[in-house]
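Everything on this sheet refers to the single structure shown next.
The values are calculated or read from the model by the stated rules, or taken from the named source; none is laboratory data. Owing to the predicted nature of the structure, the values given are computational and were not obtained by experimental measurement. No Cβ is skipped: glycine too gets one built from the backbone with ideal geometry, and neighbour counts run over all protein chains shown.
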Amino acid sequence: MKVNNRLKWFSIGLLTTWLVIFVLFPNLMVIAVSFMTPDLRELIRPEFSVEGYLRLLDPLYLDVLIHSLYLAGFATLLCLLVGYPAAWIIAHTSKRMQAFLLFLIIVPFWTNSLIRTYAMKVILGNRGIVNKTLMEIGLIDSPIRMLYNESAVIMALVYILLPFMILPLYSSIEKLPRNYLEAAKDLGSGPLRTFRTIVWPLTLPGVISGCLLVFLPALGMFYIADLLGGAGNLLIGNIIRDQILVTRNWPFGAALSVTLIAMMAVMLWAYHRALKAMQGGQGR
Amino acid sequence: MIRPLKLGFMALLFFYLYLPIAVLVANAFNSTRSGNRWGGFTAKWFDAMWANSGLMEAAVNSLTVAVVAATVATLIGTLAAVALYRYRFRGKLALNGMLFVVMTSPDIVMAVSLLALFVSLGISLGFWSLLAAHITFCLPFVVVSVYSRLSGFDRSVIEAARDLGASEGRILRQIILPMAMPAVLAGWLLSFTLSLDDVIISSFVTGPSYEILPIKIFSMVKVGVTPAVNALATLMLLLSLVMVAISQFLLKQKHPS
C-alpha cells in the first residue's frame, strides 16, 4: 500500500501544482491587475482603480467592442445554421459513413489555423480563385473586393471554427433517443413541433457548448482580423494584444480579459442549466 | 427531393472546408509567383523554403518545443488521468474544474495570464516560458483523452488481478498502462499538433530570442504572398494529416480484453 500512496500523491500533486502555478495563480493575478493603476515605468502601480473597466465604456473602445461582439456573434450564428443540419445529416448516416464524414470534419480542425487563414486570404483576393471563377462564369465583370471587410472576417471565423460547432452538436444529436421521435410522430406531431418540443431542448447542451467553443475563441483570434479585416474590423483579441504588448496599459488589457472570463462563466452557467433541464425532462 | 438536397449541402460544406487548403497546396507547386494562375509544375518553392535560414531555424525551434511539450504534458497528464480514474480524494472536483476551465477558456485569456506570471517572476521570454505555456494548454487534452479511455474499461479486470494477489504497481504496469496506451499516444499526437498550431499564446510568451514557426509565418504572410510559406504549409498539412490519421486509428482500437 505504501507504493500505491506515494504514486497517488505524486500524480495528483504534480498536476495540482502545475495547474495552481500556471492557471489559478496567473488568472487571479490578472483579476488583481485589472483593478490597479497603469504606470509607465513599472507597468502597474498597486493602487486600486476601476479605470480599466470604465475605459470599456469609453465610446472610442465601446464601438470597437460592440463591433467585435457582432463579428463573433454573426460567425457563431452562421456556424450554428450550417453546423446543425450538417451534424444532423452526419448522425443519420451509416456507422461507417459517420466515421468517414467525422474524419473529414476533424482534419481541418487538426491543421494549422494560421495557415488556413492565409489560404482563405489567397482565394479571396482580387485576383484569387473565387473572383476569377465568378468572372469566368459571367456573374461579375470586375473583381469584387472581398478582403479587408467584415464579411471576410466572418467567413474566415466560420471557416476556422466550424468543426468546433459540428463536433459537440453531432455528439448530442447522436445521443437523441430515436423512439422519442417516432413516438412524437405516431402521436401526430408535425416535424416543426417535434423539433421545437423534443429535438431542440434535448440538443440544447450541444448547441450551447458549440456556441461556447466558437464565440469565445472567435473574439480572441487577432490574426484573422489582422490578415483579413483591415483597420475597421478589429476583434477584442486585437485590442487586448495592443494594450498589453504595444501600449502597455496592463489594467485595461486585464479588464478586457476578465470581461471575456465573465462571458465564459455566463455561457457555462447556461450550459449547466440546459443540461439539468434536459436530464430533468428525460427523467420524467 | 430531400436526398439530393442533403448531398448538395454536404458537398458544399466540404468544398468550403477544403478549397482554400487545395489552392494552397496547388500553389506550392505552381511556378507562377502570385499563384493567381497555373504556370506549370515546379519544386523551386521547396528549395526556397530550405534555403530560408530564418524559416528553418523557426521550424527547428517549433518542432523542439512541440516534442518536449507534448512529452511532458503526456507524462503528467497520463499519471493524473490514472490517479483520477483510480482514486477518490478531496479536491477532485476542483481539479476537474480547473482542467475544464483551461480547455474552454479562450487562448487570449490564457496568453495574458501567462505573460503576467512570467513578467512578475522576472522570467525572460524565450524557450522556457514558451515550453511552460505549451505544456499548460496541452495538459487537459491528454488527461481527458486518457481518462475517457480508462472509464470505458471494465473495472472487474482490476478486481480480479487484485484478488489474484497483484500489487498496485503491477496492476498499473501490466493492466492500466497497456489499456491506456492508444489514448496516451493519441494524447501525445494531439498535444504535438496543438503546440505547432498555436499562434495566440506563443506570440505573448516568446521573445525575439526564440522565434517559432507560427510567429514567423504570421510576420511573412502579413506582408504578402510568399511561395516558400506555401511549400512549408503543404509539408505541415501533410504532417497533420498523418498525425490525425494515426490518432483516429489509435482511438478506434478496441480494448484488448
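Looking at residue A:55 and the list (1) within 14 Å of chain B (Cβ to nearest Cβ); (2) farther than 30 Å from residue B:166 by Cβ, which single condition is not satisfied?
In the conditions (1) within 14 Å of chain B (Cβ to nearest Cβ); (2) farther than 30 Å from residue B:166 by Cβ, residue A:55 misses (1) alone.
So, in segment B:23-36, exactly how many residues are among the aliphatic types (A, V, I, L, M), over 22 Å from the mean Cα position of the chain (by Cα) and more than 7 Å from chain A (Cβ to nearest Cβ)?
Applying the first criterion (among the aliphatic types (A, V, I, L, M)) to segment B:23-36 yields B:23-26, B:28.
If we keep only those that are over 22 Å from the mean Cα position of the chain (by Cα) too, we end up with B:23, B:26, B:28.
With the extra rule that they be more than 7 Å from chain A (Cβ to nearest Cβ), the set shrinks to B:26, B:28.
Total satisfying the criteria: 2.
Here's the yes/no breakdown for (1) surrounded by fewer than 21 Cβ atoms within 10 Å (Cβ to Cβ); (2) modelled with pLDDT under 90; (3) among the small types (Gly, Ala, Ser); (4) within 16 Å of residue A:88 (Cα to Cα):
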| position | (1), (2), (3), (4) |
| --- | --- |
| A:136 | yes, yes, no, no |
| A:175 | yes, yes, no, yes |
| A:183 | yes, yes, yes, no |
| A:188 | yes, yes, yes, no |
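Between a residue in segment A:165-185 that is at negative phi and any residue that is not in a helix (DSSP H, G or I), which pairs come within a Cβ distance under 9 Å, given they are 6 or more apart or on different chains?
Taking only residues 6 or more apart or on different chains, the pairs are A:173/A:92; A:183/A:189.
Residues are listed down the side, and each one gets a yes or a no for (1) acidic (Asp, Glu); (2) under 26 Å from residue B:76 (Cβ atoms); (3) part of a helix (DSSP H, G or I); (4) in contact (Cβ under 8 Å) with a residue 60 or more places away in the chain:
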site	(1), (2), (3), (4)
A:5	no, yes, yes, no
A:12	no, yes, yes, no
A:23	no, yes, yes, no
A:38	no, no, no, yes
A:48	no, no, no, no
A:60	no, no, yes, no
A:63	yes, no, yes, no
A:73	no, no, yes, yes
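Exactly one condition in (1) in contact (Cβ under 8 Å) with a residue 40 or more places away in the chain; (2) surrounded by fewer than 21 Cβ atoms within 10 Å (Cβ to Cβ); (3) farther than 22 Å from residue A:213 by Cβ; (4) not acidic (Asp, Glu) is not met by residue B:103; state its number.
(3)
So if I check each of B:51, B:58, B:80, B:11, which one is more than 10 Å from every other protein chain (Cβ to nearest Cβ), in contact (Cβ under 8 Å) with a residue 24 or more places away in the chain and small (Gly, Ala, Ser)? Can you show your working first?
Details: B:51 fails: in contact (Cβ under 8 Å) with a residue 24 or more places away in the chain; B:80 fails: more than 10 Å from every other protein chain (Cβ to nearest Cβ); B:11 fails: in contact (Cβ under 8 Å) with a residue 24 or more places away in the chain.
Unique residue meeting the criteria: B:58.
Report, ordered by the first and then the second residue, all pairs with beta carbons closer than 7 Å, sequence separation of six or more or different chains, a first member in segment A:112-128 that is in contact (Cβ under 8 Å) with a residue 12 or more places away in the chain, and a second member that is acidic (Asp, Glu).
A:113/B:197
For segment A:157-226, which fully contained helices (runs of 4 or more DSSP H) count at least 2 residues that are in contact with a Leu (Cβ under 6 Å, 6 or more places away or on another chain) and under 30 Å from residue A:147 (Cβ atoms)? Give the steps one after another, and end with the answer.
Working: elements: A:178-186, A:191-194, A:200-220.
Because the criterion is at least 2 residues that are in contact with a Leu (Cβ under 6 Å, 6 or more places away or on another chain) and under 30 Å from residue A:147 (Cβ atoms), the helices (runs of 4 or more DSSP H) in segment A:157-226 that meet it are A:200-220.
Based on what the data block shows, is residue A:249 under 18 Å from residue A:117 (Cα atoms) and among the polar types (S, T, N, Q)? Before you say what the answer is, go through the steps one by one.
On the way: under 18 Å from residue A:117 (Cα atoms): no; among the polar types (S, T, N, Q): yes.
Spelling it out, it is not the case that residue A:249 is under 18 Å from residue A:117 (Cα atoms) and among the polar types (S, T, N, Q).
Go through segment B:90-109 and give me each residue that's more than 8 Å from chain A (Cβ to nearest Cβ) and assigned to a helix (DSSP H, G or I).
As a first pass, look at segment B:90-109 and keep what is more than 8 Å from chain A (Cβ to nearest Cβ): B:90, B:92-94, B:96-97, B:100, B:103.
Matches in segment B:90-109: B:92, B:93, B:94, B:96, B:97, B:100, B:103.
Under the condition of being touching a residue at least 24 places away in the same chain (Cβ under 8 Å) and of a type in the set (S, T, N, Q), which residue from segment A:245-266 is farthest from residue A:212 (Cα to Cα)?
Looking at the filtered set, the residue picked out is A:249.
Which residues, counting only those in segment B:1-50, are in contact with a helix residue (DSSP H, G or I) (Cβ under 6 Å, 6 or more places away or on another chain), under 11 Å from residue B:227 (Cα atoms) and among the hydrophobic types (A, V, I, L, M, F, W, C)?
B:24, B:25, B:28, B:45, B:46, B:48, B:49
So which residues in segment B:75-129 are of a type in the set (D, E, K, R) and closer than 15 Å to residue A:23 by Cα?
Answer for segment B:75-129, where residues must be of a type in the set (D, E, K, R) and closer than 15 Å to residue A:23 by Cα: just B:107.
Which of the residues belonging to segment B:74-89 are of a type in the set (Lys, Arg) and either part of a helix (DSSP H, G or I) or in contact with a strand residue (DSSP E or B) (Cβ under 8 Å, 6 or more places away or on another chain) (or both)? Walk me through it before giving the result.
So in segment B:74-89, the residues of a type in the set (Lys, Arg) come out as B:86, B:88.
Across segment B:74-89, the qualifying residue is only B:86.
Give the residues of segment A:93-105 that are surrounded by fewer than 14 Cβ atoms within 10 Å (Cβ to Cβ) and of a type outside the set (A, V, I, L, M), sorted by residue number.
The answer is A:94, A:95, A:96, A:100, A:103.
For segment A:106-125, check the following and say yes or no: at least one residue is more than 7 Å from every other protein chain (Cβ to nearest Cβ), surrounded by fewer than 17 Cβ atoms within 10 Å (Cβ to Cβ) and over 29 Å from residue A:252 (Cβ atoms).
Initial filter on segment A:106-125 (more than 7 Å from every other protein chain (Cβ to nearest Cβ)): A:109, A:117, A:121, A:124-125.
Remaining after also requiring surrounded by fewer than 17 Cβ atoms within 10 Å (Cβ to Cβ): none.
Looking through segment A:106-125, none of the residues is more than 7 Å from every other protein chain (Cβ to nearest Cβ), surrounded by fewer than 17 Cβ atoms within 10 Å (Cβ to Cβ) and over 29 Å from residue A:252 (Cβ atoms).
Name every residue in segment B:120-131 that is within 12 Å of chain A (Cβ to nearest Cβ) and either among the hydroxyl-bearing types (Ser, Thr, Tyr) or touching a residue at least 60 places away in the same chain (Cβ under 8 Å) (or both), in order of residue number.
B:120, B:125, B:129, B:131
Can you pull out the residues in segment A:25-36 that are assigned to a helix (DSSP H, G or I) and more than 19 Å from residue B:100 (Cβ to Cβ)? Step through it out loud before you land on a result.
At the first step, the residues of segment A:25-36 found to be assigned to a helix (DSSP H, G or I) are A:25-34.
Hits for segment A:25-36 are A:29, A:32, A:33, A:34.
Among the residues of segment B:208-247, how many are part of a helix (DSSP H, G or I), touching a residue at least 12 places away in the same chain (Cβ under 8 Å) and facing chain A (nearest Cβ under 8 Å)?
10
Considering segment A:268-277 alone, what residues qualify as being aliphatic (A, V, I, L, M) and buried (at least 18 other Cβ atoms within 10 Å of the Cβ)?
Going residue by residue through segment A:268-277, those that are aliphatic (A, V, I, L, M) are A:268, A:270, A:274-275, A:277.
Hit for segment A:268-277 is A:274, nothing else.
Given the options B:22, B:58, name the one that is surrounded by 17 or more Cβ atoms within 10 Å (Cβ to Cβ) and at pLDDT 90 or above.
Values: B:22 fails: surrounded by 17 or more Cβ atoms within 10 Å (Cβ to Cβ).
Unique residue meeting the criteria: B:58.
Which is modelled with pLDDT of 95 or more and either more than 9 Å from chain B (Cβ to nearest Cβ) or within 20 Å of the chain's Cα centre (by Cα) (or both), of A:30, A:64, A:82?
Details: A:30 fails: either more than 9 Å from chain B (Cβ to nearest Cβ) or within 20 Å of the chain's Cα centre (by Cα) (or both); A:64 fails: modelled with pLDDT of 95 or more.
The unique qualifying residue is A:82.
Any idea which of (1) over 25 Å from residue B:190 (Cα atoms); (2) under 21 Å from the mean Cα position of the chain (by Cα) is the one residue A:51 doesn't satisfy?
(2)
So which of B:70, B:58, B:80, B:43 ends up being hydrophobic (A, V, I, L, M, F, W, C) and closer than 30 Å to residue A:126 by Cα? Quick ask: steps written out before the conclusion?
Numbers: B:70 fails: closer than 30 Å to residue A:126 by Cα; B:58 fails: closer than 30 Å to residue A:126 by Cα; B:80 fails: closer than 30 Å to residue A:126 by Cα.
Checking each option against the conditions leaves just B:43.
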